[in-house]
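Contents: one structure, followed by commentary.
The values are calculated or read from the model by the stated rules, or taken from the named source; none is laboratory data. Source: prediction; values computed, not measured. Glycine gets a Cβ as well: all are built from the backbone with ideal geometry, and neighbour counts include every protein chain shown.
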Amino acid sequence: MAYKHFILVCGGTGCVSSRADEIYHELIANAEAMGVKNDVQVVKTGCFGFCEKGPIVKVLPSESFYVEVKPSDAKEIISEQIVKGREVTRLLYKDVRQKDRIKLEDIQFYQKQYRIVLRNCGIINPENIDEYIARDGYAAIEKVLTSMKPEDVVAELKASGLRGRGGAGFPTWRKWDFSKSTVADQKYVVCNADEGDPGAYMDRSTVEGDPHSVIEAMAICGYTVGATKGFIYIRAEYPLAIERLKIGLRQAREYGLLGDNILGTDFCFDIEIRLGAGAFVCGEETALLQSIEGNRGMPVPRPPFPAIKGLWGKPTVINNVETWANIPVIITKGAAWFSKIGTETSKGTKVFALTGKINNSGLVEVPMGTTLREIIYDIGGGIRDGKKFKGAQTGGPSGGIITEEFLDLPIDYESLTSLGSMMGSGGLIVMDEDDCVVDVSRFYMEFCVDESCGKCSPCRIGTNQMHSLLVKFTKGQGKLEDLEKLEKIGLAMKKAALCGLGQTAPNPTLSTVKRFRAEYLEHIVDHTCRAGKCKSLLLFSVDKVNCIGCGLCARKCPVNCISGDKTLKFTIDASKCIKCGECFKACKFSAVLKK
Amino acid sequence: MVNAKINGIPVQVAEGTTILDAAEKVNVRIPKLCYNDDLPAWAACGICIVKVERNPKMLRACCTPLEEGMSVITHDPEIVQVRKTVIELILSTHPDDCLQCPRNQSCELQTLASEFGVREQPFEKRLRDLPIDTSTKSLILNPDKCIRCGRCVTVCQQMQNVWAIEFLGRGESTRIAPAADVSLADGPCIKCGQCSAHCPVGAIYELDQTKEVWDALMKGGEEAKTCVVQIAPAVRVALGEEFGLKPGTVLTKKIYSALRRLGFDTVFDTNFSADLTILEEGTEFVKRFTDFASGNNKELMPLITSCCPAWVDYMEKYYADMIPNFSTAKSPMQMMGSMIKTYWAEKAKVDPKKIFSVAIMPCTAKKWESGRNKDMFSSGERDVDVVLTTRELARMIKQAGIDLVNLPEEEADSPMGPYTGAGTIFGATGGVMEAALRSAYYLVTKEDLKDVNFTGVRGLSGIKEARIHIKGIEVRVAVAHQMGNIASVLEEVRKAKADGKDVPWHFIEVMACRGGCIGGGGQPYGATDAVRQQRMAGIYSDDEKSTYRCSHHNPFIGTVYKEFLEQPGSHKAHQLLHTHYRKLELYNK
């Protein structure tokens, strides 16, 4: 039976929370009710990436790209587009700058993207293995098992230049090669899906949208290094991704793509899922392996590296989701193709979760070497509400802030590290003039305080001491010598903390102290916060010239600290003010001042 | 071999040697805090960091192997600054009551702070107020003092396989606590005290009972007590370390005089009751083995020693199915306690109620043992009133201003003072076995061994085996020390029994601490294998110098049997010198 139309409904967590499931069911129900169920197939796909405008619904073959769809729109989509063949123009995406309702190919959000990792996301139904296979899925494992020796796979990976996407960018082929050349009776392959950076959801979306890409890649690795057992360590907070993985694993086993004698060869490999309980440190590979073994999730010193001595002391290749998702394409399309993408040292693409004060927040995949300016302004559509760009945080709590002057620097592992930040797993948070760098540093340090496992003293104590100093700054209680203390503790943590989490935890603070020193000094010396974010430093007052005496501010004030009348105008009692900002927001005459 | 440079000095070490160990070879001392020679590196403190050429990071010397061609820098201004900052950070979470701390002047953190010239507290003080655990009457756990170096956890779990302590909480709230957050006494703790012996600070330490002893010694008039003391074999070769002497220096006779100067009325030696133990336990073994050889009571083989109280506790919790195999003989300390308040009291015409009986032990579990069950009150009183560790005795001697090193030597009191070499070797792993074999041979054959040295059961390897032939019958023995080594031995016994096979060994000695009692949890701090070797050498030299080297040759042992106990294994001996065991749950409800 050939369908005339396909309606793709985003089934990523973001859109599902905005009722995409209901839209999906409404579309099917309406198609049935209107007697067109044989003309249209409604498919739930993975994430389209354009999360800012979700829920997303895309209709093929017309390529109509509908945004912010509600369940109640389903009826119109069926009756207009499927029955009458007319686009529902009111649902089409309207670009901030182009001001027109446009189709997918014209959307700037997608124009500079290059999708390798997310190749199937938003296209296939992740719960149907046939759709993955239809897009060359499992062709790579077939190629590997039938025509490549393990050393050929390693050579191909080496030629591709693929580096680990989870943080530091270690060459993937070397991990595989270490494991392959270590003699052991048992080896393991592990997928790190314990994504934990605030605001990052690249791995979740990849697993939700294309679980088989990870499963296939792990099997390829198993064959290469001689492992028969794999584990996917994924956080329990990702129920949809876990569900899709379970379905994927079941279907792969049914198709003989996992289990004994895969594709009729001698190769046997299977994968189990392990759920993490949400500890950030379990994304650190040695802590993750401890957790799989059933121990407390705490890092252990390296060497020995997991590739040589990992899970239960056996050679273990551990890569993160995004790294795995690259592998099948590298095998099918070849290293030569892959290595053409990107920069000299960093090949391929990188997925970023673009969030913060940006018009188009969402999941974006760009070739390495793309500039931050292209990501923020071309793909992201610039800063929200026309505000001024202040900085962009890459690498989450391990990274640093990148300022205006570096917007045109091509992004790769080395360039970010040279700026005191890091690639990390791909969180990219854009800040504008309303964001206070001291407060942002405090926020990230608070995250590290909460997520420090407590094993090593530099991190366990250092994070708390740095946090305490940053809190003092935001309250205007800091001293100049505290800045030196921050830097002193920061250095000790970078050098003496046991794992990557502790070594990089000072990065957001140290990079802002360096690039925004003036702003720190304002907090310490002048007791002011130019972004107006640090409440303790704010003073609300009424400008008697602009005030017309309407009293709206006084009515909005939750603590009744504003008084006055039409003639005397209004005054704010600073001793009672809780600095909630309600008066400031309420005043239509810019008479409430905030400094 | 690996060739590398440390601070420009060429060094050659075996492959796998850590930078820390390699540095020591070229007389470079890298400071450390969480690392301990007995344990695998936990890598928590961040003090032993060093630079390696061409590596932007600093690496932990404790767990990084030296590699071919490496160039290591252990000290430069940046490294020293980072180390000092880390120490200051640790101090910011550590109470400042050094003067009142049980580890004052033996604290590794205090030493480091002093070496680094820490003169101020740049960081906010972040103390917690956690409850102190005093539940065991052996050990005190004060989590406020803990620097979370992880040593005690590694000791308890990896070295001892007890799993009584664990990390709980995360981040700053991470704390060392009894497993499952119960009290120590309600969990699997066997009171071996190895945690306390390895703790670098004052977070886990022995219950100090010196005041109770001082009080008893000072009481006069109506309340006056006859204070009787005994010292364990291992104390004499370690106490000197507290007074600047080399480990292994045998101080037996100086300790006797020090004890008298402290005010003890009578000084006995646990070595004597060790000889008594051999007679009781040796007889028990001979009886069981003879039965076994003739096909009777096969399930009572092997016989397992029971002098180590931590091991008794462990067995009752983890291997209660082995209770029938346990020697019913009490430990030498409890035998002595019982004899003091019965035999000696009668002989010296002292009311047992007026006797205050103190035992100086290398052990924290002995404190617990003295009240273990009603058998420890066999005299009608508490047989041993107070147990002091070697560390506590050292403090008392210092408090009393006694110049131990230069003290004249004295003898112990009769009749329970003089001992044989067999009694003294109880202090080292394999010693009980060796002493028992020396006498068992005699008990069966009525002949003495030509060579009494069983060197096969000596030394620090975790499990030792030996075979001897008595009257043509092969006796297979095994010796295990350090609690973590015992499981494999007992599992083998269990398996043989389950499979209906001949047991792999007939006699098994178990000591909870590494090296036996000389490495006990109550001994002076800083035991390493090198120190244990020296203490053992002291023990064996004492044995070799002894006039008598077999327990059954101790003339005073003959006297006590003749005057009081009748014969080994008599009804009276059973009442006073033997005990009972029962299965214990790992966790009390």
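Report the residue count in region B:42-72 for those that are of a type in the set (A, V, I, L, M) and more than 22 Å from B:MET1 (Cα to Cα).
Of the residues in region B:42-72, 5 are of a type in the set (A, V, I, L, M) and more than 22 Å from B:MET1 (Cα to Cα).
Can you pull out every residue in region B:154-172 that is out of contact with any Ser or Thr (no Cβ under 8 Å at 6 or more places or on another chain) and without any contact (Cβ under 8 Å) to a residue 24 or more places away in the chain?
Of everything in region B:154-172, those that are out of contact with any Ser or Thr (no Cβ under 8 Å at 6 or more places or on another chain) and without any contact (Cβ under 8 Å) to a residue 24 or more places away in the chain turn out to be B:GLN157, B:GLU166, B:GLY169.
Give me a count of the residues in region B:314-343 that are farther than 30 Å from B:GLU491 by Cα and either surrounded by fewer than 24 Cβ atoms within 10 Å (Cβ to Cβ) or of a type in the set (Asp, Glu) (or both).
Of the residues in region B:314-343, 2 are farther than 30 Å from B:GLU491 by Cα and either surrounded by fewer than 24 Cβ atoms within 10 Å (Cβ to Cβ) or of a type in the set (Asp, Glu) (or both).
Between a residue in region B:557-586 that is farther than 12 Å from B:TYR343 by Cβ and any residue that is among the β-branched types (Val, Ile, Thr) and part of a helix (DSSP H, G or I), which pairs come within a Cβ distance under 8 Å, given they are 6 or more apart or on different chains?
B:PRO568/B:THR283; B:GLY569/B:THR283; B:TYR581/B:VAL312; B:TYR581/B:ILE323; B:ARG582/B:ILE323; B:LYS583/B:ILE323
Return a yes/no flag: does region A:426-445 have any residue that is within 14 Å of chain B (Cβ to nearest Cβ), within 30 Å of B:ALA61 (Cβ to Cβ) and surrounded by fewer than 21 Cβ atoms within 10 Å (Cβ to Cβ).
No - not one qualifying residue is present in region A:426-445.
Based on what the data block shows, is A:GLU344 crowded, with 21+ Cβ neighbours inside 10 Å, out of contact with any Lys or Arg (no Cβ under 8 Å at 6 or more places or on another chain) and away from chain B (no Cβ under 14 Å)?
It is false that A:GLU344 is crowded, with 21+ Cβ neighbours inside 10 Å, out of contact with any Lys or Arg (no Cβ under 8 Å at 6 or more places or on another chain) and away from chain B (no Cβ under 14 Å).
In the set B:LEU33, B:LEU20, B:LEU39, which member is assigned to a loop (DSSP other than H, G, I, E, B), touching a residue at least 24 places away in the same chain (Cβ under 8 Å), surrounded by 14 or more Cβ atoms within 10 Å (Cβ to Cβ) and more than 10 Å from chain A (Cβ to nearest Cβ)?
Sole residue among the options that is assigned to a loop (DSSP other than H, G, I, E, B), touching a residue at least 24 places away in the same chain (Cβ under 8 Å), surrounded by 14 or more Cβ atoms within 10 Å (Cβ to Cβ) and more than 10 Å from chain A (Cβ to nearest Cβ): B:LEU39.
Is there any pair with a first residue in region A:492-521 that is more than 14 Å from chain B (Cβ to nearest Cβ) and a second that is in a loop (DSSP other than H, G, I, E, B) and surrounded by fewer than 23 Cβ atoms within 10 Å (Cβ to Cβ) whose Cβ atoms are under 6 Å apart and which are 6 or more apart or on different chains, and what are they?
Short answer, once both residue conditions are applied: A:SER511/A:GLY420; A:ARG515/A:THR403.
With the structure loaded, tell me whether B:GLU222 is more than 23 Å from B:GLY401 (Cβ to Cβ) and without any contact (Cβ under 8 Å) to a residue 24 or more places away in the chain or whether it fails that test.
yes
With respect to B:HIS469, determine if the residue is buried (at least 21 other Cβ atoms within 10 Å of the Cβ), within 26 Å of B:TYR540 (Cβ to Cβ) and not assigned by TED's automatic domain parsing to the domain that holds B:GLU369.
No.
What are the residues in region A:447-489 that are more than 7 Å from chain B (Cβ to nearest Cβ) and under 13 Å from A:LEU501 (Cα atoms), if any?
A:PHE447, A:CYS448, A:GLU451, A:CYS459, A:THR463
Filter region B:427-470 down to residues that are over 19 Å from the mean Cα position of the chain (by Cα), basic (Lys, Arg) and outside any helix (DSSP H, G or I) and give me whichever is farthest from B:THR283 (Cα to Cα).
The qualifying residue farthest from B:THR283 (Cα to Cα) is B:LYS450.
So which pairs qualify, if the first residue must be in region B:116-140 and within 14 Å of chain A (Cβ to nearest Cβ), the second must be assigned to a loop (DSSP other than H, G, I, E, B), the Cβ gap must be under 7 Å, and the two must be at least 6 apart or on different chains?
Short answer, once both residue conditions are applied: B:ARG126/B:THR93; B:LEU127/B:THR93; B:LEU127/B:PRO95.
Considering only region A:515-545, state which residues are at pLDDT 95 or above and either in a strand (DSSP E or B) or of a type in the set (Ser, Thr, Tyr) (or both).
A:TYR520 - this is the single residue of region A:515-545 that is at pLDDT 95 or above and either in a strand (DSSP E or B) or of a type in the set (Ser, Thr, Tyr) (or both).
All but one of (1) closer than 20 Å to B:ASP383 by Cα; (2) outside any helix (DSSP H, G or I); (3) within 18 Å of the chain's Cα centre (by Cα) hold for B:ASN271; which doesn't?
If we test B:ASN271 against (1) closer than 20 Å to B:ASP383 by Cα; (2) outside any helix (DSSP H, G or I); (3) within 18 Å of the chain's Cα centre (by Cα), just (2) comes out false.
Condition first: free of Cβ contacts under 8 Å to residues at least 40 places away in the same chain, buried (at least 20 other Cβ atoms within 10 Å of the Cβ) and facing chain A (nearest Cβ under 8 Å). Can you find one or more residues in region B:64-74 that meet it?
no
How many residues, within region B:416-426, are part of a helix (DSSP H, G or I) and not hydroxyl-bearing (Ser, Thr, Tyr)?
Number of matching residues: 5.
May I ask you to say which residue of A:ALA336, A:ALA353, A:ALA307, A:ALA325 is aliphatic (A, V, I, L, M) and part of a loop (DSSP other than H, G, I, E, B)?
After ruling out the rest, the residue left standing is A:ALA307.
Looking at region A:380-391, can you tell me whether even one residue there is modelled with pLDDT under 95, part of a helix (DSSP H, G or I) and on the phi > 0 side of the Ramachandran plot?
The answer is yes, given that some residue of region A:380-391 is modelled with pLDDT under 95, part of a helix (DSSP H, G or I) and on the phi > 0 side of the Ramachandran plot.
Could you tell me which residue of region B:195-212 is nearest to the other protein chains (Cβ to nearest Cβ), considering only residues that are out of contact with any Asp or Glu (no Cβ under 6 Å at 6 or more places or on another chain) and over 30 Å from B:CYS227 (Cβ atoms)?
B:VAL201
Among the residues of region B:554-585 satisfying the criterion of being hydrophobic (A, V, I, L, M, F, W, C) and either exposed (fewer than 15 other Cβ atoms within 10 Å of the Cβ) or over 30 Å from B:ALA179 (Cα atoms) (or both), which is nearest to the chain's Cα centre (by Cα)?
B:LEU577
All but one of (1) touching a helix residue (DSSP H, G or I) at 6+ places or on another chain (Cβ under 8 Å); (2) more than 30 Å from A:GLY454 (Cα to Cα); (3) hydrophobic (A, V, I, L, M, F, W, C) hold for B:ILE47; which doesn't?
Evaluating B:ILE47 over (1) touching a helix residue (DSSP H, G or I) at 6+ places or on another chain (Cβ under 8 Å); (2) more than 30 Å from A:GLY454 (Cα to Cα); (3) hydrophobic (A, V, I, L, M, F, W, C) leaves (2) as the failure.
Would you confirm whether or not region B:282-300 contains a residue that is buried (at least 20 other Cβ atoms within 10 Å of the Cβ) and either without any contact (Cβ under 8 Å) to a residue 40 or more places away in the chain or under 21 Å from B:CYS192 (Cα atoms) (or both)?
yes
Could you check, for region B:163-181, whether at least one of its residues is surrounded by 22 or more Cβ atoms within 10 Å (Cβ to Cβ), under 21 Å from the mean Cα position of the chain (by Cα) and within 14 Å of chain A (Cβ to nearest Cβ)?
Within region B:163-181, one or more residues are surrounded by 22 or more Cβ atoms within 10 Å (Cβ to Cβ), under 21 Å from the mean Cα position of the chain (by Cα) and within 14 Å of chain A (Cβ to nearest Cβ).
Does region B:485-495 include one or more residues that are touching a Gly at 6+ places or on another chain (Cβ under 6 Å) and surrounded by 15 or more Cβ atoms within 10 Å (Cβ to Cβ)?
yes
Is there a residue in region B:310-326 that is in the same structural domain as B:THR266 (by TED's automatic domain parsing) and outside any helix (DSSP H, G or I)?
no
The conditions are (1) within 14 Å of another protein chain (Cβ to nearest Cβ); (2) surrounded by fewer than 24 Cβ atoms within 10 Å (Cβ to Cβ), and B:ARG148 fails exactly one of them. Which is it?
(2)
If you go through region B:75-98 one residue at a time, how many are more than 8 Å from chain A (Cβ to nearest Cβ), part of a helix (DSSP H, G or I) and within 33 Å of the chain's Cα centre (by Cα)?
Number of matching residues: 3.
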